[in-house]
Structures are given as C-alpha cells and as structure tokens.
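Q: Got a structure here, written out as structure tokens. Questions coming.
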Amino acid sequence: MPKLTVDGVELEVPAGATVLQACELAGKEVPRFCYHERLSIAGNCRMCLVEVKPGPPKQQAGCAMPAGEGQEIRTDSEMVKTAREGVMEFLLINHPLDCPICDQGGECDLQDQAMAYGRGATRYEENKRAVTEKHMGPLIKTTMTRCIHCTRCVRFSEEIAGVDEIGALFRGEDMQITTYLEQAASHELSANVIDLCPVGALTSRPYAFEARPWELKKTLSIDVSDGIGANIRLDSRGREVLRILPRINDDVNEEWISDKARYQVDGLTKRRIDQPWVRKKGKPQPASWDEAFAAIAKAKPGKSIAAIAGGLADCETMFAAKQLLGALGSELLESRQTGESFDVSNLAAMTFNTTLEGIESADAVLIVGSHVRWEAALLNVRLRKAAARGGAKVFVVGPEWETTYPATFLGEDASVLHNFPQDVSDTFANAERPAIILGHGGLAAGALHPALALAEDWKLVRQLEDGTPWNGFNVVQMAASQIGALMLGYAKSGGIADISAASPEVLISLGGDAIDYSQFEGSLKVYIGHHGDRSMQSADVVLPAAAYTEKAGTYVNTEGRVQFAEKGVFAPGDAREDWTILRALADALGAKVDFDSFEELRAAMVAEVPALGEEALADVGALPKADRGAKASGAITYPIRDFYLTNPIARASATMQRCSAELLHGDAIAEAAE
C-alpha cells in the first residue's frame with residue numbers, strides 16, 4: 001500500500017487507487033463532473049486538477065492519475081485554485097443562463113461547484129453556441145445546449161446497462177451527445193442517466209416543471225415493482241408523491257432503479273379506489289364502510305374463509321389477514337395467485353441464495369426460464385458485470401431475448417435440463433463459482449427439482465478456497481410480497497387449486513390482481529386494494545386500501561433480505577391502511593385478534609417470525625434434497641408480456657402506458673396540432 005501525503009496529511013492508500021480517491025480518503029473535497037465511482041475513468045472535464053510532486057510543475061487530473069509511493073499532493077495551492085477557476089470558466093462559456101427555468105436547479109452539481117470554485121465573472125464575450133434538442137423518448141427531457149460533455153450518460157449506457165444507445169458526434173466545439181439516429185432510449189434502466197447528469201442537459205420529462213427540491217418531503221421506502229426490493233426515496237408535496245429516486249444500497253440496487261420503479265409514480269393518483277363498493281344486482285355500487293362490512297358478515301363464513309396475497313402486499317397486511325383467518329379457524333392462505341403449484345415447502349429452494357452482490361463473482365451461470373431484463377432488471381446489471389467484466393460463461397434455457405452480455409441459448413424446451421451438451425456440463429463441473437438462476441417460466445415447466453439435482457451434481461453449495469461459503473442455487477421472484485408471504489405461511493401445498501377446491505364462503509384478496517376469480521364463483525369475493533384494476537370487475541365487495549407509498553411496511557426481497565419502508569403520504573378519500581381494514585373486519589366477523597395498533601401488529605408478527613424484525617438477510621436454511629424422479633418438460637414461456645404494465649399501479653400510469661406503446665410496440669404517439 002503506497003504511502004503519500006495530501007495537504008500535509010500522511011496516509012496509506014490501497015494499491016491501484018487514484019490521486020482523487022487518495023484525496024477523498026484524506027477527507028479533502030475534490031470537485032469533479034466526469035468522474036463517477038461506478039463508471040470507467042474518462043478524465044475529460046479536468047475539474048479535479050491537483051498539484052502532484054514529484055512531477056512537472058503543472059496541474060494533474062486527479063481521477064486519471066494513479067496514487068504512488070512518496071507523492072506530495074496539494075488540493076489547496078494557489079496554482080490549483082487558479083486552474084479550477086479557469087476550467088469552470090471554460091465549462092460555462094456555452095452554458096445558458098437557464099437556472100430559473102431548469103429542473104436541475106437546487107440539486108445541480110454545476111451550480112454548486114460554480115459557487116465554490118468559480119471566479120464569479122467571465123471574460124468570454126463571444127456568442128454562445130446552441131445545440132438542437134435530441135429525442136430520447138418519453139422519459140428523458142433534453143436541453144443539450146447545457147451539456148458539458150462529461151459523457152457519464154454514454155458510459156452508463158455502455159458499461160452498466162450494456163446497451164449502446166447514447167454516444168457522441170463530431171469533435172471539439174461541435175461535439176454533441178445524442179442517441180443512435182435520435183431514437184428513443186428504450187432499455188429498462190434508461191432514466192438513471194438523469195441522476196448521473198451533473199447539469200440540466202438530461203432531466204425527467206414526466207416531472208418537468210412540477211416542483212423544486214426544497215418544496216418536497218423526502219421519505220425512505222422500498223420499490224415494489226419487482227422482487228429486487230430496490231431502495232428508493234419518495235419526494236412528496238401535500239398528499240401526492242411527485243417523484244421517486246434511488247437510494248444507495250450496494251447490497252441491493254447499488255444506486256440504480258428501473259424505469260418502472262421510477263415512473264409508475266403517476267399511477268398512484270389515477271384509477272384509485274377511494275370508497276367502499278358493494279355489488280348489488282350485478283353491478284358495483286358505492287357504499288359506506290358499515291354497509292360493506294355488513295355485506296361480508298352476512299355471508300357468515302365461519303371457518304370457510306380464505307385469503308390470497310397479491311404481489312404488492314406488505315408483510316404486516318399478510319400477517320393481519322393470517323391472524324383474522326386463524327381466529328376464525330381457517331388456514332386457507334395462498335400467495336401464488338396465478339395458479340402455480342410448485343413445491344414451496346423449503347424456503348431455501350425459493351430464494352436467491354447467492355445474493356445479488358454475490359452473483360457478480362460467479363464464473364458459470366445457467367438461467368432457466370427467466371427473462372431477467374424484464375423480471376429483475378437490476379439483477380441483469382449484476383449478471384452483466386459477471387459476464388462482461390468477470391468473464392463468466394452464461395447459458396440460457398428458454399426463448400431467446402436480448403441479453404446485454406455474451407450468452408448461449410440452449411433451446412426453449414425444459415427437457416434440455418436432462419440432456420446438456422458435454423461442453424456445458426464440463427463448464428459447470430470445472431467452475432469455481434457455478435450458479436443456477438431459475439425463473440417462474442422454469443418453475444411452471446417443472447424445472448425446480450431437476451435444477452436441484454443439477455445443484456447436487458455440480459456441487460453448487462460448497463466452501464471456496466478462501467473458506468467462504470458459496471450457494472449457487474437461485475430462484476428469481478417477481479413479486480415484492482412473495483418471499484415474505486412464504487415466511488408467513490401463505491403456501492397451501494397444491495397452490496390456488498386447493499383454495500378453490502375448498503369452496504370458501506368468503507375469499508379475501510389482498511390486492512390480488514392476477515387471480516382468476518372464475519374459480520370462486522360460489523364465494524363472496526372481497527377485494528382489499530387501491531386500484532380499480534382487473535379485480536374490481538369480479539369482486540363482490542371492494543374495500544379501499546393504501547398503496548405502498550401510503551403506509552409503513554416490511555418487505556422481503558428475492559434474496560430473503562428484510563427491509564422496512566416508511567409512510568410517505570396519506571391515502572386518498574376513504575381509503576385506509578390495510579391492517580386497519582382487517583382489524584375492523586375482525587370485529588365485524590366476531591373474531592378476536594391480538595393487535596389494536598400497528599406497533600402491536602408488527603410486534604406480534606416479529607414474535608412469530610423473528611427474522612422479520614431485523615433489516616438483514618434472513619436465514620432460510622439449507623437446500624432440500626432433489627426429487628430425482630421429477631422431470632422438466634415442455635416449451636418454456638416467460639410470464640411477463642409487457643415490462644411496463646406488470647402491476648395495477650403501472651397499468652394506471654399514463655407514463656408507463658406511453659412507454660409500452662412507444663418503446664415496446666413502436667406506436668407513434670399522437671401529438672396535438674400546434
């Protein structure tokens with residue numbers, strides 16, 4: 001580890017560190033625009049100039065210069081100060097005076113650094129250049145005259161997303177950043193370039209001119225659009241969430257989120273259920289809470305009551321429903337709402353055991369029945385690191401999809417699992433860190449136990465040479481609620497078919513919008529949810545509930561990581577938090593439950609499932625033994641048909657509808673005549 005001094009402070013830095021990183025370790029702030037910790041080094045903004053001895057008497061770009069033994073680095077000399085002022089003056093030569101109308105105002109790196117390191121005046125008297133606007137789709141608003149050519153957006157698209165959609169044209173003063181042939185940026189992570197842009201060149205189109213950052217209340221939450229559980233921040237004003245931004249969590253989402261997680265936000269205020277409804281004479285009619293509860297109590301379900309958890313349900317809601325059913329003597333709980341019947345008796349066989357961060361070090365990966373880019377976009381980022389950077393060999397069983405890394409497709413039929421080509425078998429037999437990733441398409445084709453058999457044959461559970469444990473068996477869950485539901489016992493052995501066979505008098509749907517309600521013709525169907533989506537058409541009683549931004553809750557992601565979300569805003573109209581609805585329903589049905597407050601509910605839940613009380617990876621135990629007699633067969637199909645419209649919030653979002661039409665289906669968006 002090299003020893004050096006920074007502004008007179010002596011320290012050791014890791015081998016391979018840059019001068020800029022050495023300065024940060026010494027607690028010195030070094031300005032930068034092009035440098036970003038998760039992107040390759042470009043060294044083209046020159047804002048991070050420092051003075052380094054020994055060496056020529058000139059400034060050096062700290063981001064591109066390796067830290068070396070015996071260096072004397074100055075970040076506060078007069079030479080450095082003058083150089084930074086000059087660089088800032090050049091960066092502002094063509095930058096328009098847009099701050100009053102720029103959406104980046106108030107959280108702009110250029111503003112902050114111009115104040116801290118600029119001269120306060122310019123000597124440039126020529127006309128500023130102007131750049132035509134670029135079309136980057138329905139999510140990204142461009143004002144490219146503001147661009148300072150840091151190329152963060154270019155490097156993100158190439159290195160992180162793996163999609164070469166953004167690049168530079170021309171040279172020198174004529175240089176412009178644009179998409180290929182000015183087409184829309186269409187990958188699932190495209191809007192992360194908005195966060196990366198240090199100026200106002202790339203801003204959010206749906207959020208344009210909505211609010212200033214100092215007007216917004218900031219709340220820490222968890223994304224529920226998929227099973228990854230990305231850490232997010234809700235920015236709200238009054239009773240409306242105006243935008244969603246990512247939070248840094250290196251174990252889960254690093255600092256990225258998918259476009260759906262970011263932009264389904266406008267769906268939170270559309271098509272909302274804000275009052276109870278009761279079906280009368282075949283049509284849903286508005287009702288009071290008392291009328292709705294009376295209609296349910298009239299069914300007198302007794303023990304004949306069931307509950308099915310939807311994909312967005314939090315653990316507290318599911319536990320409250322479980323307590324209600326338990327008090328009535330029922331154990332009819334299910335979470336596989338689309339009818340899957342795969343074995344869920346062992347939690348280790350349902351989670352992403354390698355962990356999201358751990359999969360980056362895999363050297364051989366077999367993906368079975370998962371369109372990873374649509375089912376878990378942030379997992380695909382990790383797989384790209386493993387393949388494109390670490391050299392991992394990736395094989396896919398299922399229909400072809402456009403990966404962002406080298407991959408070999410082995411066929412669409414699940415029977416491939418019983419007859420691999422020899423080179424594939426050899427690759428996994430000789431791999432140090434082999435991994436299998438099983439998606440719902442594979443589970444539906446009966447691939448669970450054949451995949452477990454491969455895990456035994458290839459020794460996916462092992463001790464590595466450095467003594468650390470390795471578990472390469474993984475299942476990708478697409479629903480934010482699924483692992484939490486399994487931890488709480490929402491798993492009738494035969495799936496939803498067993499619930500249907502029991503013919504319950506009352507069926508409680510906890511936001512289950514993918515349920516085929518035709519299986520429950522004789523049941524009183526009670527829908528507790530927040531959007532008038534598919535279930536609204538079939539429910540007999542509709543009780544308005546809070547969306548994930550409107551309640552505190554516990555969520556468990558696909559790797560078994562327990563995470564807590566805070567309440568951002570209040571639910572609209574007469575809508576109530578789910579647990580309060582279930583508590584009132586218990587009184588209406590004459591059932592005694594053990595909670596009267598959210599704190600009591602969470603305490604009772606943690607007492608029953610202690611792992612849900614701590615934000616950490618839950619211990620899911622060891623993998624089960626494979627049933628060697630089970631066979632996988634049939635063509636694999638992927639469950640997601642449209643990435644942008646996978647849940648009721650997204651389907652209510654005008655932005656997601658536009659993304660689906662323009663980016664997936666190629667529809668031209670009709671514009672009003674000027």
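The values are calculated or read from the model by the stated rules, or taken from the named source; none is laboratory data. Fair warning: this is a prediction, and the values are worked out from it, not measured in the lab. Here Cβ is always computed from backbone atoms with ideal geometry, including for glycine, and neighbour counts include all displayed protein chains. In case anyone asks, the SASA skips ligands and DNA or RNA and just uses the protein heavy atoms, side chains included. Shrake-Rupley method; radii C 1.70, N 1.55, O 1.52, S 1.80 Å.
Q: Kindly establish whether Arg46 is under 30 Å from Asn192 (Cα atoms), basic (Lys, Arg) and open to solvent by less than 50 Å² (accessible area, probe 1.4 Å).
A: Considered against the rule, which asks whether it is under 30 Å from Asn192 (Cα atoms), basic (Lys, Arg) and open to solvent by less than 50 Å² (accessible area, probe 1.4 Å), Arg46 comes out as no.
Q: Select from segment 516-556 the residues that are within 28 Å of Asn231 (Cα to Cα) and either free of Cβ contacts under 8 Å to residues at least 12 places away in the same chain or of a type in the set (A, V, I, L, M, F, W, C) (or both) and list them in ascending order.
A: Ile528, Ala545, Ala546, Ala547, Ala552, Val556 - these are the residues of segment 516-556 that are within 28 Å of Asn231 (Cα to Cα) and either free of Cβ contacts under 8 Å to residues at least 12 places away in the same chain or of a type in the set (A, V, I, L, M, F, W, C) (or both).
Q: Right, something else. Pairs only if they're at least six apart or on different chains, beta carbon under 8 angstrom, first in segment 485-512 and without any contact (Cβ under 8 Å) to a residue 60 or more places away in the chain, second among the small types (Gly, Ala, Ser); list them, first residue then second.
A: Ala501/Gly494
Q: Only one of these conditions is not met by Lys303: (1) assigned to a loop (DSSP other than H, G, I, E, B); (2) surrounded by 14 or more Cβ atoms within 10 Å (Cβ to Cβ). Which number is it?
A: In the conditions (1) assigned to a loop (DSSP other than H, G, I, E, B); (2) surrounded by 14 or more Cβ atoms within 10 Å (Cβ to Cβ), Lys303 misses (2) alone.
Q: Wholly within segment 583-674, which helices (runs of 4 or more DSSP H) include no fewer than the required count, namely at least 1 residues that are over 22 Å from the mean Cα position of the chain (by Cα) and either within 27 Å of Ser190 (Cβ to Cβ) or touching a residue at least 40 places away in the same chain (Cβ under 8 Å) (or both)?
A: 598-608
Q: Which residues, counting only those in segment 549-581, are open to solvent by less than 30 Å² (accessible area, probe 1.4 Å), of a type outside the set (Val, Ile, Thr) and either in contact with a Ser or Thr (Cβ under 7 Å, 6 or more places away or on another chain) or in a strand (DSSP E or B) (or both)?
A: Those that are open to solvent by less than 30 Å² (accessible area, probe 1.4 Å), of a type outside the set (Val, Ile, Thr) and either in contact with a Ser or Thr (Cβ under 7 Å, 6 or more places away or on another chain) or in a strand (DSSP E or B) (or both): Gly553, Tyr555, Glu559, Gly560, Gln563, Ala565, Gly568, Asp578.
Q: Is it fair to say Leu189 is part of a helix (DSSP H, G or I), of a type in the set (A, V, I, L, M) and touching a helix residue (DSSP H, G or I) at 6+ places or on another chain (Cβ under 9 Å)?
A: Taking the combined requirement at face value, the residue does not satisfy it.
Q: Here is a follow-up. Can you tell me which of (1) out of contact with any helix residue (DSSP H, G or I) (no Cβ under 8 Å at 6 or more places or on another chain); (2) at positive phi; (3) surrounded by 24 or more Cβ atoms within 10 Å (Cβ to Cβ) is the one Lys459 doesn't meet?
A: Lys459 satisfies every listed condition except (3).
Results for (1) surrounded by 19 or more Cβ atoms within 10 Å (Cβ to Cβ); (2) in contact with a Ser or Thr (Cβ under 6 Å, 6 or more places away or on another chain); (3) of a type in the set (Phe, Trp, Tyr), shown as yes or no for each residue.
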| position | (1), (2), (3) |
| --- | --- |
| Thr82 | no, no, no |
| Tyr117 | no, no, yes |
| Lys128 | no, no, no |
| Thr142 | yes, no, no |
| Thr145 | no, no, no |
| Ile148 | yes, no, no |
| Ala161 | yes, no, no |
| Phe170 | no, no, yes |
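Q: When you scan segment 419-458 for helices (runs of 4 or more DSSP H) that lie fully inside it, which ones turn up with 2 or more residues that are more than 30 Å from Gly311 (Cα to Cα) and among the charged types (D, E, K, R)?
A: Qualifying helices (runs of 4 or more DSSP H): 422-430, 448-457.
Q: Still on this model: Somewhere in segment 287-294, is a residue without any contact (Cβ under 8 Å) to a residue 40 or more places away in the chain and outside any loop (DSSP other than H, G, I, E, B)?
A: There is at least one residue in segment 287-294 that is without any contact (Cβ under 8 Å) to a residue 40 or more places away in the chain and outside any loop (DSSP other than H, G, I, E, B).
Q: May I pose another question? Test each condition in (1) assigned to a helix (DSSP H, G or I); (2) within 27 Å of the chain's Cα centre (by Cα) for Gln337 and report the one that comes out false.
A: Result: Gln337 fails condition (1) only.
Q: In the set Lys303, Lys298, which member is touching a helix residue (DSSP H, G or I) at 6+ places or on another chain (Cβ under 8 Å), farther than 23 Å from Asp619 by Cα and free of Cβ contacts under 8 Å to residues at least 40 places away in the same chain?
A: Lys303
Q: Limited to segment 603-646, what total is found for residues that are farther than 26 Å from Thr354 by Cα and of a type in the set (Lys, Arg)?
A: 1
Q: What pairs come out if I take residues in segment 391-420 that are of a type in the set (D, E, K, R) and pair them with residues that are surrounded by 20 or more Cβ atoms within 10 Å (Cβ to Cβ) and in a loop (DSSP other than H, G, I, E, B) whose C-beta lies under 8 Å away, six or more apart or interchain?
A: Glu412/Gly398; Glu412/Ile636; Asp413/Ile636
Q: Report, by residue number, each residue of segment 310-326 that is over 23 Å from Val278 (Cβ atoms) and open to solvent by less than 10 Å² (accessible area, probe 1.4 Å).
A: Within segment 310-326, Asp314, Cys315, Glu316, Met318, Phe319 meet the criteria.
Q: Would segment 215-223 turn up any residue that is part of a loop (DSSP other than H, G, I, E, B), farther than 16 Å from Arg155 by Cα, open to solvent by 10 Å² or more (accessible area, probe 1.4 Å) and at pLDDT 95 or above?
A: yes
Q: Do we have any residue at all in segment 322-340 that's acidic (Asp, Glu) and over 24 Å from Phe598 (Cα atoms)?
A: Scanning segment 322-340 turns up at least one residue that is acidic (Asp, Glu) and over 24 Å from Phe598 (Cα atoms).
Q: When you go through Arg74, Arg32 one by one, which is the residue that is charged (D, E, K, R), under 34 Å from the mean Cα position of the chain (by Cα) and buried (at least 17 other Cβ atoms within 10 Å of the Cβ)?
A: Arg32
Q: Could I ask something else about it? Which residues, taken from segment 224-248, are open to solvent by 80 Å² or more (accessible area, probe 1.4 Å) and either of a type in the set (Ser, Thr, Tyr) or outside any strand (DSSP E or B) (or both)?
A: Selection gives Arg239, Ile248.
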